[in-house]
1. In nm, to one decimal, how far is the ALA205 label point from the ALA165 one, both placed 7 Å along Cα→Cβ?
2. Starting from the stretch 146-202, pick out the chymotrypsin sites (Phe, Trp or Tyr not before Pro) whose DSSP state is loop and whose Cβ has at most 13 other Cβ atoms within 10 Å.
3. What FRET efficiency would be calculated for the residue pair GLU76, GLU111, taking the C-beta separation as r and a Förster radius of 25 Å, to the nearest 0.05?
4. For an R0 of 35 angstrom, estimate the FRET efficiency from the Cβ-Cβ distance between ASN335 and VAL378 and round to the nearest 0.05.
5. If you wrap a convex hull around the Cα atoms of the stretch 288-381, how much volume per residue is inside, in Å³?
6. Hey, any idea what % of the stretch 302-386's accessible area is carbon plus sulfur with a 1.4 Å probe?
7. What is the gain in length, in nm to one decimal, between THR137 and ARG273 on full extension, counting 0.36 nm per residue of separation less the C-alpha to C-alpha distance?
8. Chymotrypsin sites (Phe, Trp or Tyr not before Pro) within the stretch 230-335: which are DSSP loop residues with at most 15 other Cβ atoms inside 10 Å?
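The values are calculated or read from the model by the stated rules, or taken from the named source; none is laboratory data. What you see is a predicted model; the values in this text were computed from it and never measured. Counting neighbours? That spans all protein chains shown, and the Cβs are built from the backbone with ideal geometry, glycine included. Accessible surface areas use protein heavy atoms only, side chains included; no ligands, DNA or RNA. Shrake-Rupley method; radii C 1.70, N 1.55, O 1.52, S 1.80 Å.
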Amino acid sequence: MTITRAARRRRASRRVRARRALVSVVAVAVIAGGVAVFAVTRGGGSPDTTDAATTVASSTPTPTPTPTPTPLTPAERLLSTTTDPNACAVSFAGEGIALDPQVQTQGYRYEALPIPQAEGRVFAGWYPTTADAAALTASARVNGADLVACTDRERVLHAGWTTPAANTAEDAGIPILMYHQFTRKPEGEDGWLRGNYAYVGDFDAQMAYIKDADFYLPTWDELSAFIDGRLFLPKHSVIITDDDADSSWLELAAPIVDGKNLLTTSFVITSFRTEPTPNTFVLQRSHTHDMHRAGPNGKGRMVNDDADTIAADLEESARILGAKEVVAYPFGHYNETTKEGVRRAGFALGRTIEPGYVRIGTDKLALPVVRVNYGMTVDDLKAKIG
């Protein structure tokens, strides 16, 4: 059959229209941002029966879910509350320990470390590792005599425990060393107070012995808990104190304990001296505000005044010093009225000048001492404290 020109033109026109329809579908698919699939069917295989059938499937991109933030640890939450770059979150671990972390300051002594209690057990201190806690390694034990050091602003301390029987068997007697004034003269000072003046060279040697022999240096709250039987202290423990905060103490002795990182206590008469502590290793505690003088009977005011007067004086002393804990009785004078005044003021401990050692059950308001006099050598000190 002969195809006319007109028929050929009609067929060509149909093919052009089909192509245009196909291009339009593609354009719509691209604009919509979807994916287009095309199916073209040619009826009987003949060009003039070609039909463009389009099936368009489009999909919407799935948004990426916002990740759930990891919850902060208690230590991280604590650190988020401070901008201090030296802040350290100290956490506490061990069997039966459920304590919140504390903020401590790197480069400064630990402050107010907790003393936990557990039925049938005696707390035996904080340690840097579980192995040290299990072995009660005295040289590794951490307390207020130590400077805070952390990694990435955090540190974990591990609890050590012992039994009441083991605590009693240790039979520790804790010496409280009592110094007064100091002299540069090897031959000592003249006068009736000669015995009070320790030669600073002897003091330096004695402090070196305590440092090198790894004595444990309890804080006053630890000593109080030890007396109660709640805290284990090793026999190899000692507390170092000075009475009066004399200028010779500040100039000669305080730099020595600072250089050796030895915790000491200076008992200050706050009506006489109000300067801040000379260094981080010297605790300043009360030697009363204005009771280091004689009363009507020639003895100290602590045994002449009533309990309320004593309490008011100690409160003033504590206000100036910013701490209570312990008072050293002027001249060593005290009685039951003195003790009552100390209790009313909220002090836990009172230190006498009576010789002896602090043991489990010692009267907390009558702590004995080991007096250090002029002429005592390192060997003399060894004989006193082990």
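1. Simple spin-label model gives 4.5 nm for this pair.
2. Working: sites: TRP161, TYR179, PHE182, TRP192, TYR197, TYR199; in loops: TRP192.
Sparse-neighbourhood loop chymotrypsin sites (Phe, Trp or Tyr not before Pro): TRP192.
3. Numbers: r = 21 Å, r/R0 = 0.84.
Here the calculated transfer efficiency is 0.75.
4. Details: r = 37 Å, r/R0 = 1.05.
Step by step, r from the Cβ atoms, then E = 0.45.
5. Working: hull volume 11.2 nm³, N = 94.
Considering the Cα atoms of the stretch 288-381, their hull volume per residue is 120 Å³.
6. Numbers: 1770 of 3660 Å².
The computed percentage sits at 49.
7. Numbers: separation 136, 0.36 × 136 = 48.96 nm, distance 3.94 nm.
That works out to 45.0 nm of additional length.
8. Values: sites: PHE232, TRP249, PHE267, PHE272, PHE281, PHE331, TYR334; in loops: PHE232, PHE272, PHE281, TYR334.
For chymotrypsin sites (Phe, Trp or Tyr not before Pro) across the stretch 230-335 that sit outside H, G, I, E and B with at most 15 neighbouring Cβ atoms in 10 Å, the list reads PHE272.
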